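The values are calculated or read from the model by the stated rules, or taken from the named source; none is laboratory data. Predicted, not measured: the structure shown is a model, and the values here were computed from it. Cβ placement follows ideal geometry from the backbone for every residue including glycine, while neighbour counts extend to all protein chains displayed.
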Amino acid sequence: MTKVQVHFRLQKPLDDKQLSRISDAYAIYGIQRIQVAPTLDRLTVEYDATRLRPAEVESALASAGIPIQPIAV
């Protein structure tokens, strides 16, 4: 397993419905951890790079209705 982190900027604050969708994203095989920054403007996702690619993580969150934009680190 190769753990990798990808960072996203939230385009708008999350509401309760979107927060529950983040918890649903744990059902995606390969996602290990999702963390919302204390400032509530960023999201960090830790995933298994042998199972997923960054574009797949982004697509899964976007399809769940999470308003994200990737951050180049």
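Within the range 38-73, how many residues turn out to be more than 10 Å from the chain's Cα centre (by Cα), free of Cβ contacts under 8 Å to residues at least 40 places away in the same chain and closer than 10 Å to H7 by Cα?
Result for the range 38-73: 1.
Restricting the search to the range 44-73, which residues are surrounded by 14 or more Cβ atoms within 10 Å (Cβ to Cβ) and among the β-branched types (V, I, T)?
Across the range 44-73, the qualifying residues are T44, V45, V57, I66, I68.
How many of the residues in the range 48-73 are of a type in the set (V, I, T), more than 19 Å from R21 (Cβ to Cβ) and at pLDDT 90 or above? Before you say what the answer is, go through the steps one by one.
So in the range 48-73, the residues of a type in the set (V, I, T) come out as 50, 57, 66, 68, 71, 73.
Adding the requirement that they be more than 19 Å from R21 (Cβ to Cβ) leaves 50, 71, 73.
Checking which are at pLDDT 90 or above leaves us with 50.
Residues meeting the conditions: 1.
Given the structure, is A72 small (G, A, S) and assigned to a loop (DSSP other than H, G, I, E, B)? Steps first, please.
Numbers: small (G, A, S): yes; assigned to a loop (DSSP other than H, G, I, E, B): yes.
It is true that A72 is small (G, A, S) and assigned to a loop (DSSP other than H, G, I, E, B).
Considering only the range 34-43, I want to know if a residue exists there that is farther than 18 Å from L14 by Cα and either loosely packed, with under 14 Cβ neighbours inside 10 Å or small (G, A, S) (or both). So that I can check it myself, show each step before the final result.
Of all residues in the range 34-43, those farther than 18 Å from L14 by Cα come to none.
Scanning the range 34-43 turns up no residue that is farther than 18 Å from L14 by Cα and either loosely packed, with under 14 Cβ neighbours inside 10 Å or small (G, A, S) (or both).
Tell me, which residue of the range 19-33 that is part of a helix (DSSP H, G or I) and either among the hydrophobic types (A, V, I, L, M, F, W, C) or touching a helix residue (DSSP H, G or I) at 6+ places or on another chain (Cβ under 9 Å) (or both) is surrounded by the fewest Cβ atoms within 10 Å (Cβ to Cβ)?
Looking only at the range 19-33, we keep the residues that are part of a helix (DSSP H, G or I), and these are 19-27.
In the following step, the residues that additionally are either among the hydrophobic types (A, V, I, L, M, F, W, C) or touching a helix residue (DSSP H, G or I) at 6+ places or on another chain (Cβ under 9 Å) (or both) were identified as 19, 21-22, 25, 27.
Details: L19: 11, R21: 16, I22: 18, A25: 17, A27: 8.
So, considering only residues that are part of a helix (DSSP H, G or I) and either among the hydrophobic types (A, V, I, L, M, F, W, C) or touching a helix residue (DSSP H, G or I) at 6+ places or on another chain (Cβ under 9 Å) (or both), the one surrounded by the fewest Cβ atoms within 10 Å (Cβ to Cβ) is A27.
Just to verify a result, which residue in the range 12-35, among those that are of a type in the set (A, V, I, L, M, F, W, C) and at pLDDT below 90, is farthest from T2 (Cα to Cα)? Walk me through it before giving the result.
Here is the first cut: in the range 12-35, the ones of a type in the set (A, V, I, L, M, F, W, C) are 14, 19, 22, 25, 27-28, 31, 34.
Cutting the leftovers down to at pLDDT below 90 gives us 14, 19, 22, 25, 27-28.
Working: L14: 29, L19: 26, I22: 22, A25: 19, A27: 18, I28: 16 Å.
Checked the range 12-35; the qualifying residue farthest from T2 (Cα to Cα) is L14.
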